[in-house]
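Read through the structure below, which is laid out as structure tokens, and then see the notes.
Rule-based calculations on the coordinates, nothing more; no lab input. Predicted model, so just to flag it, every value in this text is computed and none were measured. Note: ideal-geometry Cβ built from the backbone for every residue, glycine included; neighbour counts use all protein chains shown.
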Amino acid sequence: MKYNPYEQMLSVLDLAAEKLGYTLNDYNALRYPERELTVAVPVEMDDGTLKVFTGYRIQHSSSRGPCKGGIRFHPDVDVDEVRALAAWMTWKCAVVNIPYGGAKGAIQVDPSGLSDRELSRLTRRYTAAILPVLGPERDIPAPDVGTDARIMGWIMDTYSMFKGYAVPGVVTGKPIEIGGSLGRKEATGRGVVIVTDEIAFRSGIPMQKAKIAVQGFGNVGGTAARIFYEKGYTVVAVSDVHTGLYNEKGLNIDEIFKHAEANRTLRGYTGKGTREISNDELLTLNVDILVPAALENQITETIAPKVKAKIIVEGANGPTTTRADEILKEKGVVIVPDILANAGGVVVSYFEWVQNLQAIFWDVHEVNSMLKKIMIRSVDEVCALSKGKDTSLRVSAYMVALDRVVKAKKIRGIFP
Ligand code: NAD
């Protein structure tokens, strides 16, 4: 079954608007992305052939500030996915109250099939193609699935070459040497852990006794698993696109990291008491906390009835389908929505941009303590609304976000 993530986003948005007492007139403009750019990206491959890739940059809203959002390199990405990801960025920045709108970019490509030089040429040509809509005051990309600090460095360099001077604030998640922020790489995973601690505490689940499963072992899932492990928590399962690993007594995440770094896959890891499992098995394990941190639409209506976790913390964007969300709600599972759970990345991206604009560097303690403060304040606000209005955390998070964006839009008015 093909799920349309943009339609799923709209269904929650409409519900949040209804709960806020908004009419369609109040928020109709926010049901449409402000600007969509589709670009053809020709790349000369190492063997001399020319390949043309499709790229996107979609800006959902700039009502509260410059557009902000990652760039995804993935072979299956399509326009509805990028639209949804752009809108989620608007709600995410609003729920944590940082002065940005939302955007997202993507290229339909499997980056693992390209050489370094091909990847650089692809990134630079894509950046040149979307250059008219980029800029530190306009739209600021960051890493997402399939992209990393090195790719952000190439984007910064390409933009700077066109400008004629270094513009570090055009992109976040860059290498530290060219203006990246300490703590940015780990920020999304760290934010996931902060939120998990808070929600588990409020739900009366002691983290020291909790069993945790994490789907996805990349920037978000891998970092979250490592920080859970460093805090002495029991991570019983992790997975990547190839396989899952399970040990009911708890995995040695340090060892698994070393294996993953050396082999670029979790496959083949043979730690004591550990067995391989499928991704579907991971999602339905007998655990207290489940962190889907891979891709969209992983927890479907087929998986949801079998989920045993008491809390789901959405490290990924859109991992739970609308129908699965309803089933889990009926089962009493607490779901911490993506726009809140994985907002740590954009919060530290915001810190990086502020440091770039002011040409200063913060130390990592400053970054992490400010991150914690913002994440906890946001959890407080969403939980208070959820209690007061008797709504799910997802609808409450959308209500907090939508209210902020609608107010900004009303104050600014509709041009002309
Ligand atoms: P990544 O590319 O670093 O890692 C993705 C991980 O998911 C990899 O381990 C990959 O093997 C695994 N994976 C891919 N397809 C899978 C599948 N079908 N089943 C199971 N595992 C699969 O990406 P990331 O940056 O960690 O992003 C993961 C999710 O978090 C995405 O939804 C992304 O939009 C979201 N997110 C990322 C950030 C960030 O700062 N990187 C911020 C907010 C949200």
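Some values worked out for this structure:
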| read-out | value |
| --- | --- |
| Nonlocal amide H pairs with Asn342, under 5 Å, H built at 1.01 Å | none |
| Residue with peak Gaussian network fluctuation, the chain [Cα springs, cutoff 10 Å], from Gly244, Gly268, Gly180 | Gly268 |
| Net charge dipole size for the range 187-341 [Lys, Arg +1 and Asp, Glu -1 on Cβ; Debye, nearest 20] | 420 |
| Positive-end residue of Gly153, Pro99, Val82, charge dipole of the range 33-168 with Cβ unit charges | Pro99 |
| Under 10 Å, Cβ to Cβ, from Thr321 - net charge with Lys/Arg +1 and Asp/Glu -1 | -3 |
| Residue-averaged [θ]222 nm for the chain, counting only DSSP H segments that reach four residues, each worth -39500 (n - 2.57) | -14500 deg cm²/dmol |
| Inter-site label distance for Lys231 and Ala262 at 7 Å from Cα along Cβ, in nm | 2.9 |
| Dipole-positive endmost among Ala210, Ile256, Leu266 within the range 205-271 (Cβ charges, Cα centre) | Ala210 |
| Candidate aspartates and glutamates for bridging to Lys308, where Cα separation is under 17 Å - those fewer than 8 sequence places away on the same chain excluded | Glu248, Asp280, Glu281, Asp288, Asp325, Glu326, Glu330 |
| Highest-first arrangement of 365-378, 34-47, 147-160, 90-103, where packing means the average Cβ count within 10 Å | 90-103, 147-160, 365-378, 34-47 |
| Most mobile listed residue (Val395, Val52, Val195) in the chain, GNM with C-alpha springs under 10 Å | Val52 |
| Test item: Cα-centred dipole of the range 129-200, Lys/Arg +1 and Asp/Glu -1 on Cβ, debye | 220 |
| Among Gln108, Gln358, Gln298: highest mean-square fluctuation, GNM of the chain, C-alpha pairs under 10 Å | Gln358 |
| Proximal lysines relative to Lys389, as straight alpha-carbon distance under 19 Å, when same-chain residues fewer than 8 apart are discounted | Lys19, Lys329 |
| Dipole magnitude of the chain, debye to nearest 20 (Cβ charges: Lys/Arg +1, Asp/Glu -1, about Cα centre) | 820 |
| Burial ranking of peptide ranges 302-310, 397-405 (average Cβ count within 10 Å, highest at the top) | 397-405, 302-310 |
| Neighbour net charge for Asp80 - beta-carbon separation under 12 angstrom, K R +1, D E -1 | -3 |
| 13 Å beta-carbon shell around Val238, net charge (K/R +1, D/E -1) | -1 |
| Alpha-carbon gyration tensor eigenvalues x 5, square-rooted, for the chain, Å | 30, 27, 20 |
